[in-house]
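Q: Starting off with a structure, shown below.
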Amino acid sequence: MPHTNFDLDNCLKCSVCNTACPVYAAHPDYPGPKHLGPELERMRMEGIDAGVDAVEYCLGCHRCDLACPHQVGVSEMIARAKATQRKPVMRALRDWWFARPGLLGELLSILPPVTNFFLQLAPVRLLMERLMRITARRSFPAYAHPRRLSGIGRAGERALFFPGCFLTYNRPDLLEKILVLLAANGITAEVASSGCCGVPAVANGNLAEARHRAQATMKSLRNAVQAGIPVLTSCASCGHQLKSGFGGLLTGSAAASELAAHTWDLGEFLAERAQQGLFNTNFFTLDHRVAYHAPCHLNSQGIGRPWLQLLARIPGVTVTDLNAGCCGMSGTYGFKQEKYNVSMAVGAPLFTRIGELKPQLVATECATCQMQIEHGTNARAVTPMEILLEAYDGRPF
Amino acid sequence: MNSTQVVIIGGGATGAGILWDLTLRGIPALLLEQADIAHGATGRCHGLLHSGGRYAVRDVETARDCLRENRTLKRIAPHCVEDTGGLFIQLPSDDPAFFEQWWRAAHAAGIPTERLSASQARALEPSLAENIVGTFTCPDAHVDVFRLVLANLEAAMARGAQFRSYAQLVAIEQQNARVVAVRYRDTRTGEEHRVGCATVVNAAGGWAGQVAALAGASVPVTCDKGTLLVLHHRLSRRVINRCRVPGDADILVPAGPVCLLGTSSMVVPGPDGLTASHEEIQALIREGAALVPELAEARILRSFSGVRALYTPPRAVAGGRGASRSYALLDHQELEGIAGLVSIVGGKLTTYRHMAEAVADCVARKLDVHAECATATTPLRAPHSSQLHQRAGLHLEQPVTEKLIARRGTDAAQILAAIEQRPELAELVCECEMVTRGEVEFVLSGPALAGARTIADIGRRTRLGFGPCQGTYCGYKAMLAGYATQQWTAEQAVAEFTRYLNERWKGQDFLEEGKQLQQLELSRSLYGEQPLATACTGGNHAH
Amino acid sequence: MRTDLYDVVVVGAGMAGLTAASYAAEQGQRVAMASIGAGAFVLGSGGVEEREAHALQREPDFTYAMDFFLTLAEAAGTALAGDVQHTMLLPTLLGNFLPMQFAPLLVAHAALNQARKTRVVGLRGLTGFDARFLAERFRSEAAQHRLPAEYDAVTIDPGSALGMPVSTLRVAQAFDRDAAFRTHLEGALRAVKGDADRLLLPAVLGIESSDTQRAAFEEQVGCTVGELPTLPPSIPGLRLAHGLQQRLRSRGVVFLDGYPVERLQLERGLCTGLHIASPGRGFRVAGECVVLASSSALHRLLEGPVNLDLHHRPLHPNGSPHATNLFAACLPGSHPSELRGLASRIVAGHRAALAAWAERGAYAAH
């Protein structure tokens, strides 16, 4: 796996990573990945206190890694540094919760109507902002009762679908649609009950929790992996996590490598089946002018943009690749009050581009990209899975 | 100034230590150094503050001296010392009898040591080879050699002592077989100066023979060359020693953000024009990789060589590791009847203060000054307040603050004041070693004692250019800083930078492949294959 | 695993790769570019030294390749000035002048002997640039060349939005994104212009900006504006890369960034696929023709020294090509130092692309 070739020694201080970093361009005081990564890493290895608050502002988008001509593995160094950063108490408490969307989801989806009611009450939001530094300027996604889903599609090829926290606790309806979509393609998918993949834990500097989640996830997927059943996920962040040895936390683990080799992004999976002639092309003709936004964690999987290819096959659908940078949301990042402005500044070029193109729909598989796009523009953002299902069953989403 | 009591020749640890010792005894002194601080052996060694473990088996007295000085230096110069601790590692091919001998000898010398199992050692230092047999701990440490020399000089100069860099000794004047003056030439300006004095102390290391010859005295010195490699980042927390009869590439020393591997030993004709051969370097890597396997693939930033000056009186065996490492104090009045000339040769960095004490005792006696040595108990730097950290934290990030204050101590206050006036001085000129523009301007300018006159000088005082880019980016910015503070005209600045860069490139000459070679090629492509050989003007230059 | 199929796959996004991909894309071919990071040219000023151009004059296709590239660069909004007849003396980091054959427009505006009175403008707090230093150097160089050109220096305030100190990259990004900053900069330059007929700035006038936008900026300032080289990252180099990449994107070229090509699939004398070391299983692409335009990829994927046949195919030591649809974008033989610059790579990329174009359709069945 390429991650094991990433090395601090490789850095030639060329600064190309800084040119690719969306936060560097958006925030005048952000030192940039070159400094926060390899430069401070040598200081950390020396054992001096190299704690710099700015590491908190790293989006974890991996664009620095992709742009680096010498494979330094910058973002992993920054992620490790985040874990040792001291934070003020309330922020640490907030980030503790943000690191555990599985736990948060379990609690908030017990009584979703109550949760959703309170989460949009202005006084509650104001209190959250004052106390916990959770910005009141955004809406929370609605929570819903998780659904026990199985047996959709009869006797098709087996697959295990890794839902991720968002589909489980916020969009079980979409999860069901994805299973229907798979069934329409001859795949009978079980839903894995794995819990969180650990990306938010890494992003919030809780590496111990991330490792715990990694072990739990691997354990829950082990049977499928050993039986050769493909593990599918539509969440780009979960996909990156499962394919990369959990963000490098489990580099060297044979089990993690095996899981990586058995994980498919949903779009990647369907595009592969399309090449094998196994993709269902019984489409209704639609009428959609779509702009596609590739999530950063899809780019970091290095598999191209399979949903672009798939959507382009649907009659009546025209797709343009937005290719306008990171949206700036990065999961929980954009919800943090101190980071809200940076988040919006990072996404500004994307918002502008959407404003220029004025598409009917913006398609992106990442839930938080979706939220950010709807927050920052007038566009309607949907997942490509919903568009595909509409092409199958003719029912508008 | 045109007269003083004592002129010391040689700005290494010994010379600087003598300057400080004499100053504390109230004896006015001037130190002349032909290039810049720690130009000779001091600036070209591991910077290992020995616990004595390396010498215990062969010479218990030397080991005891080392241990005592190790403790003394940690007390008087804590800001120069990183107390890393050390390990002595036995590999399968090492003599087990030696290992046991080491244990007994260390105890005889009073060196605190514990025996560890291989797995315990590897738990402490994961980069150690898997096949290590046994380990001893010891109180080895790393001393920043430039910071140490500078600390001695600054402490002395604050109390009135004088120092001149780029001062090439031209003559030692005598009248009636008594030293009366020295003449030296400033190699950067070309000006010659004469300084009257009563005593000359020859602490010129590998050049001691040449200096003595100027007075018609003889100091037979054998130059034994050692080569070291600088690695990109720290591979261990502690000093790693090979537990065997001392040989090549036995020691890996963490040195700030890098680590140093060495060394070798071969007799060379003199202290100048040193080169390291490809085979020598490959041999170092091979030997070192036996201790720490990742050394085989690690990125090497540069190689450098220095000489140990070994006193070899006429009837001694040829030099090398067998020759005595303890020092020789030569009173030329006794030896050749030349009054007022004393030479000090040999010794090691760890015991520099002790050597300086012996010399200062001798000089004080000659000058009839009755003052005891105070260097063992006088700290080299005044403590700074925690307020300084807080104040720095307002403008600079944590690691920059730590480095600034560790390097400059209370002088950091002046630098912070400048940054408060002009925020652009917070710019990191050297990003690898966290050196701000404010600090660079400070070491270049008046307020700094023993200030920098060249970019390489800035490097020795701040570690600028010591990191992965080897001066590619920071050297350019330092040049601009020197220009902006009117050290140099534009043309002189370019000439200085050219010289600096060529010297930095020379240390990477041995590279045949790998990341450092790419870094070097990047550097060359930025400034052209032969940057401005034609732009060099004015003065004669030290090299 | 799926294998995305293209007409041409180019490995390496340096100047050789960008040239090869551009040629193929301009012909209407479906192109994919696989690369890790940008090429080394983003560290340089995007120009061609005279000594390299001189060494390449002997190559019969040099003018043809350069014409192609110059047309392309202009269409991309990042035109280069210069021609094979005339040399320009352009400033370096150290303030001396280097003979250059081609250079980006605003970089070329800094040529010696191009203005009577030049004012070098620094930005307060900008790292790695000193206007006074350069002006003094230029004066001395002009004197050595016995030219009456005058140079002086002035410093302007970049404005508080940028923070202090500020890097060239930040200023360039502000130029791209912040109209208020551009206006501020125009105003500040107008204010210090005085009787100078040329202003020289550090190269900070945007990465995403076009020649048209920079020309408009010059007009607002009211005199010639030139760009001076700075420490990496080099804005003109990045600008050229960005311009070419955007043009390629508009032609539908697919970029596969970030992971190295670790293996070539060679079957029956053909390259039937490239395996990219993406996380997990990796990723596969195939091209009817494949152009290797990265020296590190060439050495990693093909053993031994790289010899080429007349069709720019890399050969085994025994003289047979590794694959009949595999081409290398490098110049044959060893490279003296003159032939390591931009123009050599443009020529190499162009040749490889031509060779691949000549083979189009030959392998479609496979």
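The values are calculated or read from the model by the stated rules, or taken from the named source; none is laboratory data. Because the structure is a prediction, the values reported are computed rather than measured. Cβ coordinates were reconstructed from backbone atoms using ideal geometry, including for glycine residues, and neighbour counts include every protein chain displayed.
Q: Just need a number here: residues in segment B:396-426 that are at the interface with another protein chain (Cβ under 10 Å from one of its Cβ atoms), in contact (Cβ under 8 Å) with a residue 24 or more places away in the chain and within 21 Å of C:V166 (Cα to Cα).
A: 4
Q: If I filter segment A:52-68 for residues that are more than 25 Å from A:Q337 (Cα to Cα), out of contact with any strand residue (DSSP E or B) (no Cβ under 9 Å at 6 or more places or on another chain) and either in a loop (DSSP other than H, G, I, E, B) or in the same structural domain as A:P349 (by TED's automatic domain parsing) (or both), do I get at least one hit?
A: Looking through segment A:52-68, at least one residue is more than 25 Å from A:Q337 (Cα to Cα), out of contact with any strand residue (DSSP E or B) (no Cβ under 9 Å at 6 or more places or on another chain) and either in a loop (DSSP other than H, G, I, E, B) or in the same structural domain as A:P349 (by TED's automatic domain parsing) (or both).
Q: Under the condition of being touching a Phe, Trp or Tyr at 6+ places or on another chain (Cβ under 8 Å) and at pLDDT 95 or above, which residue from segment C:124-133 is farthest from the other protein chains (Cβ to nearest Cβ)?
A: To start, the set of residues in segment C:124-133 that are touching a Phe, Trp or Tyr at 6+ places or on another chain (Cβ under 8 Å) comprises C:128, C:130, C:132-133.
With at pLDDT 95 or above added as a condition, the list becomes C:130, C:132-133.
Working: C:D130: 4, C:R132: 8, C:F133: 5 Å.
Out of the qualifying residues, it is C:R132.
Q: Still on this model: Just to be sure, is A:K82 part of a helix (DSSP H, G or I) and under 19 Å from A:I134 (Cβ atoms)?
A: So A:K82 fits the description; yes.
Q: While we're here: Could you list, in sequence order, all residues of segment B:501-522 that are within 14 Å of chain A (Cβ to nearest Cβ) and of a type in the set (A, V, I, L, M)?
A: B:L511, B:L517, B:L520, B:L522
Q: Okay, next question. For C:G194, indicate whether it is within 14 Å of another protein chain (Cβ to nearest Cβ) and either at pLDDT below 95 or surrounded by fewer than 23 Cβ atoms within 10 Å (Cβ to Cβ) (or both).
A: no
Q: Just wondering, is there one or more residues in segment C:325-348 that are in the same structural domain as C:L43 (by TED's automatic domain parsing), more than 24 Å from the chain's Cα centre (by Cα) and farther than 30 Å from A:L259 by Cα? Give the derivation first.
A: Quick first cut of segment C:325-348, residues in the same structural domain as C:L43 (by TED's automatic domain parsing) only: C:325-348.
Adding the requirement that they be more than 24 Å from the chain's Cα centre (by Cα) leaves C:325-326.
Checking which are farther than 30 Å from A:L259 by Cα leaves us with C:325-326.
Yes - at least one qualifying residue is present in segment C:325-348.
Q: Run down B:A283, B:A309, B:A298 and say which single residue is part of a helix (DSSP H, G or I) and either within 14 Å of chain A (Cβ to nearest Cβ) or not β-branched (V, I, T) (or both).
A: Checking each option against the conditions leaves just B:A283.
Q: Assuming B:E424 fulfils every condition listed in (1) of a type in the set (D, E, K, R); (2) crowded, with 20+ Cβ neighbours inside 10 Å; (3) touching a Ser or Thr at 6+ places or on another chain (Cβ under 9 Å) apart from one, which condition is it?
A: All conditions pass for B:E424, except number (2).
Q: Exactly one condition in (1) surrounded by 17 or more Cβ atoms within 10 Å (Cβ to Cβ); (2) within 14 Å of another protein chain (Cβ to nearest Cβ); (3) without any contact (Cβ under 8 Å) to a residue 40 or more places away in the chain is not met by B:L261; state its number.
A: Condition (2) is where B:L261 drops out.
Q: Would it be correct to say that C:M100 is in the same structural domain as C:L18 (by TED's automatic domain parsing) and under 15 Å from the mean Cα position of the chain (by Cα)?
A: Criteria not met by C:M100.
Q: Exactly one condition in (1) of a type outside the set (S, T, N, Q); (2) over 23 Å from B:M479 (Cβ atoms); (3) within 12 Å of chain B (Cβ to nearest Cβ) is false for C:E141; which is it?
A: (2)
Q: Still on this model: Which residues, taken from segment A:15-49, are assigned to a loop (DSSP other than H, G, I, E, B) and surrounded by fewer than 24 Cβ atoms within 10 Å (Cβ to Cβ)?
A: Correct list: A:H27, A:P28, A:D29, A:Y30, A:P31, A:G47, A:I48, A:D49.
Q: While we're looking at this one, here's another question. Can you work out which of the residues in segment A:325-347 that are among the polar types (S, T, N, Q) and within 19 Å of A:A25 (Cα to Cα) is nearest to the other protein chains (Cβ to nearest Cβ)?
A: A:N341
Q: Mind checking which residues of segment B:440-480 are away from chain C (no Cβ under 14 Å) and assigned to a helix (DSSP H, G or I)?
A: Listed by number, the residues that qualify are B:F442, B:V443, B:L444, B:A456, B:D457, B:I458, B:G459, B:R460, B:R461, B:T462.
Q: Given the conditions (1) more than 19 Å from A:E209 (Cβ to Cβ); (2) more than 8 Å from every other protein chain (Cβ to nearest Cβ); (3) part of a helix (DSSP H, G or I), report the number of the one that A:V72 does not fulfil.
A: (3)
Q: Considering segment A:31-56 alone, what residues qualify as being within 14 Å of chain C (Cβ to nearest Cβ) and either of a type in the set (A, V, I, L, M, F, W, C) or under 23 Å from A:C366 (Cβ atoms) (or both)?
A: The answer is A:P33, A:A54.
Q: Now, a different point. For segment B:185-226, how many residues meet the condition of being under 22 Å from B:G273 (Cβ atoms) and of a type outside the set (A, V, I, L, M, F, W, C)?
A: Here the count works out to 13.
Q: May I ask you to say which residue of C:V9, C:V42 is within 24 Å of C:E359 (Cβ to Cβ), within 14 Å of chain A (Cβ to nearest Cβ) and aliphatic (A, V, I, L, M)?
A: Working: C:V42 fails: within 24 Å of C:E359 (Cβ to Cβ).
The unique qualifying residue is C:V9.
Q: Continuing with the same structure: Taking the criterion of being of a type outside the set (K, R), within 24 Å of A:L66 (Cβ to Cβ), away from chain C (no Cβ under 11 Å) and under 21 Å from the mean Cα position of the chain (by Cα), would at least one residue in segment A:268-279 satisfy it?
A: Checked against the condition, which is being of a type outside the set (K, R), within 24 Å of A:L66 (Cβ to Cβ), away from chain C (no Cβ under 11 Å) and under 21 Å from the mean Cα position of the chain (by Cα), segment A:268-279 yields no hits at all.
Q: Report whether or not A:V231 is away from chain C (no Cβ under 14 Å), under 22 Å from the mean Cα position of the chain (by Cα) and in contact (Cβ under 8 Å) with a residue 12 or more places away in the chain.
A: No, not satisfied.
Q: Among the residues of segment C:197-241, how many are within 14 Å of chain A (Cβ to nearest Cβ) and either over 22 Å from C:R124 (Cα atoms) or of a type outside the set (S, T, N, Q) (or both)? Write out each step before concluding.
A: Our first condition is that a residue be within 14 Å of chain A (Cβ to nearest Cβ); within segment C:197-241, this holds for C:203-204, C:206-209, C:230-241.
Add one more test, that the residue is either over 22 Å from C:R124 (Cα atoms) or of a type outside the set (S, T, N, Q) (or both), and what stays is C:203-204, C:206-209, C:231-233, C:235-241.
Summing the residues that are within 14 Å of chain A (Cβ to nearest Cβ) and either over 22 Å from C:R124 (Cα atoms) or of a type outside the set (S, T, N, Q) (or both) in segment C:197-241 gives 16.
Q: Something else: So which of A:L221, A:L242 is over 30 Å from A:E374 (Cβ atoms) and within 14 Å of chain C (Cβ to nearest Cβ)? Break it down stepwise before answering.
A: Values: A:L242 fails: over 30 Å from A:E374 (Cβ atoms).
A:L221 is the lone residue from the list that is over 30 Å from A:E374 (Cβ atoms) and within 14 Å of chain C (Cβ to nearest Cβ).
Q: Would you mind finding the one in A:L308, A:L322, A:L350, A:L361 that is farther than 24 Å from A:L59 by Cβ, out of contact with any Pro (no Cβ under 6 Å at 6 or more places or on another chain) and either in contact (Cβ under 8 Å) with a residue 12 or more places away in the chain or away from every other protein chain (no Cβ under 14 Å) (or both)?
A: Within the list A:L308, A:L322, A:L350, A:L361, the selection yields A:L361.
Q: Assess whether A:Q215 counts as being assigned to a helix (DSSP H, G or I), within 30 Å of A:R86 (Cβ to Cβ), over 17 Å from the mean Cα position of the chain (by Cα) and of a type in the set (S, T, N, Q).
A: yes
Q: Quick check on this structure: which one of C:L72, C:L94 is away from chain B (no Cβ under 14 Å) and touching a residue at least 24 places away in the same chain (Cβ under 8 Å)?
A: C:L72
Q: Of everything in segment C:246-278, what is in a helix (DSSP H, G or I) and either small (G, A, S) or more than 10 Å from every other protein chain (Cβ to nearest Cβ) (or both)? Give them in sequence order.
A: Listed by number, the residues that qualify are C:R247, C:L248, C:S250.
Q: Another question, then. Based on this model, can you work out whether B:R391 counts as out of contact with any Cys (no Cβ under 6 Å at 6 or more places or on another chain), outside the structural domain of B:Y473 (by TED's automatic domain parsing) and surrounded by fewer than 23 Cβ atoms within 10 Å (Cβ to Cβ)?
A: no
Q: What's the total number of residues in segment B:116-155 that are touching a Gly at 6+ places or on another chain (Cβ under 7 Å) and part of a loop (DSSP other than H, G, I, E, B)?
A: Final tally of qualifying residues: 3.
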